[in-house]
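K.L.:
Here you go, one structure.
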Amino acid sequence: MIAILAPILIGLVYVLLSSLIPDRHRRRFNAVLVGGAGAAYLSGGALGPWEVAFCAVLTYVAFRGLDSWTFIGLGWLLHTGWDIVHHLKGQPILPFAHDSSFGCAICDPVIAIWCFTGGRPVWAWRRVDAPPPGVPG
């Protein structure tokens, strides 16, 4: 149970902390992070040259993410797939934590969902048609 809840909580904490970044920097920061996630497995080399190919693909997706939350979300979903492959192959993202790729595969979609909603701060998630505070309605 904790192996599933902890990664979800980590994803939610990531979203909360990212919400603190000013709007003008938030998308670019997240694009850089998803680009870095593409290189997370490089040092293990478990999948040989495919590790480099995946890193190249995610670098491109991250570059497109500089201007698009959709590409950032796509990058996190691609990384989820890579996490699953590594978990099944037995090469975790953190060599000292056997189920770390499994956890990452649960955490990443939480972040992706937030990205697909436009990466808005969590406190902006109230009803769109609700009147502003202090306005009757």
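The values are calculated or read from the model by the stated rules, or taken from the named source; none is laboratory data. Everything numeric here is computed off the predicted structure, so don't read it as measured data. A quick note on method: Cβ atoms are made from the backbone with ideal geometry, for glycine too, and the neighbour counts reach across all protein chains shown. Just so you know, the surface numbers come from the protein's heavy atoms only, side chains and all, with ligands and any DNA or RNA stripped out. Shrake-Rupley method; radii C 1.70, N 1.55, O 1.52, S 1.80 Å.
K.L.:
Determine which member of the set Leu33, Leu66, Leu77 is touching a helix residue (DSSP H, G or I) at 6+ places or on another chain (Cβ under 6 Å), modelled with pLDDT of 90 or more and under 17 Å from Gly11 (Cα atoms).
P.N.:
One residue alone meets the criteria, Leu77.
K.L.:
Cβ contacts < 8 Å: first residue open to solvent by less than 30 Å² (accessible area, probe 1.4 Å), restricted to region 104-126; second residue not in a helix (DSSP H, G or I), any location; separation 6+ or different chain. Result?
P.N.:
Partner pairs satisfying both residue conditions: Cys104/Ile93; Pro121/Leu20.
K.L.:
Check off (1) over 30 Å from Met1 (Cβ atoms); (2) without any contact (Cβ under 8 Å) to a residue 12 or more places away in the chain; (3) open to solvent by 70 Å² or more (accessible area, probe 1.4 Å); (4) among the aliphatic types (A, V, I, L, M) for Leu94 and give me the number that stays unchecked.
P.N.:
Unmet condition: (1).
K.L.:
Is it fair to say Gly137 is at pLDDT 80 or above, among the small types (Gly, Ala, Ser) and farther than 19 Å from Leu9 by Cβ?
P.N.:
Taking the combined requirement at face value, the residue does not satisfy it.
K.L.:
Further question: I need the full set of residues from region 40-71 which are open to solvent by less than 30 Å² (accessible area, probe 1.4 Å) and of a type in the set (Asp, Glu), in order please.
P.N.:
Glu51
K.L.:
Taking region 27-39, which residues are open to solvent by 30 Å² or more (accessible area, probe 1.4 Å) and either among the acidic types (Asp, Glu) or free of Cβ contacts under 8 Å to residues at least 60 places away in the same chain (or both)?
P.N.:
Scanning region 27-39 gives Arg28, Phe29, Val32, Leu33, Gly36, Ala39.
K.L.:
Being small (Gly, Ala, Ser), under 14 Å from the mean Cα position of the chain (by Cα) and farther than 29 Å from Ile2 by Cα is true for just one of Ala62, Ala37, Ala105. Which residue is that?
P.N.:
The conditions single out Ala62.
K.L.:
Given (1) open to solvent by less than 40 Å² (accessible area, probe 1.4 Å); (2) assigned to a loop (DSSP other than H, G, I, E, B), where does Ala6 come up short, assuming only one miss?
P.N.:
Only one criterion is unmet by Ala6, namely (2).
K.L.:
I want to confirm something. Restricting to region 18-48 and keeping residues that are among the hydroxyl-bearing types (Ser, Thr, Tyr) and assigned to a loop (DSSP other than H, G, I, E, B), which single residue is farthest from Pro92 (Cα to Cα)?
P.N.:
Looking at the filtered set, the residue picked out is Ser43.
K.L.:
Taking region 75-85, which residues are surrounded by fewer than 20 Cβ atoms within 10 Å (Cβ to Cβ) and more than 20 Å from Ala46 (Cβ to Cβ)?
P.N.:
Once the filter is applied, which keeps residues that are surrounded by fewer than 20 Cβ atoms within 10 Å (Cβ to Cβ) and more than 20 Å from Ala46 (Cβ to Cβ), region 75-85 yields only Leu77.
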